[in-house]
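Engineer: Have a look at the structure that comes next, please.
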Amino acid sequence: MSASQIPPATAVTGDEDPTLLVKIFGKDRPGITAGLFDTLAAYGVHVIDIEQIVTRGRITLCALVSAPAGGATAEGELRATVHSWAESMRLQTEIISGLGDNRPRGVGRSHVTVLGHPLTAESTAAIAARITGTGGNIDRIFRLAKYPVTAVEFAVSGAETETLRTALAMEAAKLGVDVAVVAAGLQRRAQRLVVMDVDSTLIQDEVIELFAAHAGCETEVAEVTARAMRGELDFEQSLHERVALLAGLDESVVDKVRSEVRLTPGARTLIRTLKRLGFQVGVVSGGFTQVTDDLRERLGLDFASANTLEIVDGKLTGRVTGEIVDRAGKARLLRRFAAEAGVPLAQTVAIGDGANDLDMLNAAGLGVAFNAKPVVRQAAHTAVNFPFLDTVLYLLGVTREEVEAAKTHE
């Protein structure tokens, strides 16, 4: 029987219908995928599944197809033809007979993102073993980025997201890698809101310390700030205590402080990419509107809220006005921004480093501790301990190639 005489396969492949797994390996070059399926087309098979990956110039192509109508004779001819084509392309091939499609994925699906610098075989093995230990199955793995960190994503099924998150958080702490676990599903592609802390998150500085340097009390203020961020002091009390030391400063200091603010590496890339993806982005700060309003304008942020330094007759009074943005206030503002943006709270991402960010991190759908104090790393959903803010994008499933594309299409 010639290939042209073989009748087409049935349209639907059931669990007991014969199928063939065709695997191709070798040096990648243009035309391999088209060539394989052109070869298979002569036998009237239906494509059930395809997986292809190229690693360091080597292709692995897997095609799950229905067995050709015509029984063993037709299958034998298909095998011979595919092997002959592969040999002509200097490729290796393997064809495995079986029944039906892939087995259904288990209930409970998650994306597990692992960041390492470097990502070692030891840590990869430990993460994979811990996934298995929770009852999860790794369905797919692919690389999101190779610089400035190595980021890979595991598609996992069969384990509840929270169970997986708890187990992997402990493993990550021991291994010194960062791991984020988020539920799979349509919500990952939906419109989202990202809200960040400012001091030591969006920017490298503590704004009140920049003001204090002009008042000659930087050391004293820095000590109080550090204690507050570690959770040793009530934030509102520490805020009033520190701001009182700024009394008498000329308002011209505001412009000087704005010019001294240093964005965290990757901050512009993070915001630019999020905006191109259709995300809304905001900041909440225990710092001051005199700086956050400027950042909002410069970076094109959608939301911004902070405390306001009182200025009377051109001088700082040593007091703040309006609603205090403290630990509870940040979580309250996250909810307010989400309502205004029309984004469910479960679709929000919060990023922060200090104890006064904890309520916000816990209220968000995904709370990210960025280069955070130990108490924050332990309580947040996930932690990033690299000095590049744009690494947060990988936790959202954004690849480095997509980040670079966002740069070139400005």
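Engineer: Can you give the longest stretch of the chain with no exposed loop site, where a site means trypsin sites (Lys or Arg not before Pro) in a DSSP loop (not H, G, I, E or B) with at most 12 other C-beta atoms within 10 Å?
Structural biologist: On the way: sites that count: Arg56, Arg90, Lys146, Arg262.
Longest stretch, sites excluded: 263-410.
Engineer: Extension gain Ala405-Cys217, at 0.36 nm per residue separation less the Cα-Cα distance, in nm?
Structural biologist: Numbers: separation 188, 0.36 × 188 = 67.68 nm, distance 4.52 nm.
Contour length minus Cα-Cα distance gives 63.2 nm.
Engineer: So, one more: Have a look at the DSSP beta bridges in the chain and tell me what percent are antiparallel, nearest 5. Don't skip to the answer; put the middle values down first.
Structural biologist: Numbers: 52 of 72 bridges.
Among the beta bridges of the chain, antiparallel pairing accounts for roughly 70 percent.
Engineer: Where a Cα-Cα gap under 22 Å defines reach, which lysines qualify for Lys27, not counting those fewer than 8 residues away within the same chain?
Structural biologist: Result set, ordered by chain and number: Lys146.
Engineer: Straight-line reach only, C-alpha to C-alpha below 14 angstrom: list the aspartates and glutamates that Lys315 could link to, leaving out same-chain residues fewer than 8 apart.
Structural biologist: Within reach: Asp250, Glu251, Asp255.
Engineer: Could you derive backbone 3J(HN,Hα) for region 243-258 from the dihedral phi with the Karplus parameters 6.51, -1.76 and 1.60 (θ = phi - 60°), listing whole Hz in sequence and x where the residue is Gly or Pro?
Structural biologist: 5, 4, 6, 8, 4, x, 5, 6, 5, 5, 5, 4, 5, 5, 5, 4
Engineer: Another question, if that's okay. What list of ³J(HN,Hα) values in whole Hz, one per residue of region 150-166 in order, does the Karplus curve 6.51 cos²θ - 1.76 cosθ + 1.60 (θ = phi - 60°) give from phi, with Gly and Pro shown as x?
Structural biologist: Result, rounded to whole Hz: 8, 10, 10, 10, 9, 8, 10, 10, x, 9, 5, 4, 5, 4, 5, 4, 5.
Engineer: Can you give the charge dipole size of the chain about its Cα centre, rounded to the nearest 20 debye, using +1 on the beta carbon of Lys and Arg and -1 on the beta carbon of Asp and Glu? Before the final figure, lay out each step's value.
Structural biologist: Working: 42 positive and 52 negative charges, 194 e Å.
Rounded to the nearest 20 debye, it is 940 debye.
Engineer: For a quick check: with amide H placed at 1.01 Å from N, whose amide H comes under 5 Å from Asp178's, ignoring anything fewer than 5 positions away on the same chain?
Structural biologist: Leu115
Engineer: Just the number, please: carbon plus sulfur as a percent of the accessible area of region 33-83, 1.4 Å probe, no ligands or DNA/RNA counted. Each step should come with its number before you reach the end.
Structural biologist: Working: 1360 of 2420 Å².
Carbon plus sulfur share of accessible area: 56 percent.
Engineer: Compute the Cα gyration tensor for region 239-345, then decide on rounded, prolate or oblate, letting a ≥ b ≥ c be the square roots of its eigenvalues: rounded whenever a/c is under 1.5, prolate when a/b is larger than b/c in the other cases, and oblate in all that remain.
Structural biologist: Values: a/c = 2.70, a/b = 1.56, b/c = 1.73.
In terms of gyration-tensor shape, oblate.
Engineer: Pull out a ≥ b ≥ c, the square roots of the eigenvalues of the alpha-carbon gyration tensor of region 2-145, then state rounded if a/c is under 1.5, prolate if not and a/b is larger than b/c, and oblate in the remaining case. Intermediate results must be reported in sequence, preceding the final value.
Structural biologist: Values: a/c = 3.08, a/b = 1.62, b/c = 1.90.
Note, shape of region 2-145 comes out oblate.
The values are calculated or read from the model by the stated rules, or taken from the named source; none is laboratory data. Note that the structure is predicted; figures quoted are calculated from it, not measured. So basically every Cβ, Gly included, is an ideal-geometry build from the backbone, and we count neighbours across all protein chains shown. To get the accessible areas, we keep the full protein, side chains included, count just its heavy atoms, and leave off ligands, DNA and RNA. Shrake-Rupley method; radii C 1.70, N 1.55, O 1.52, S 1.80 Å.
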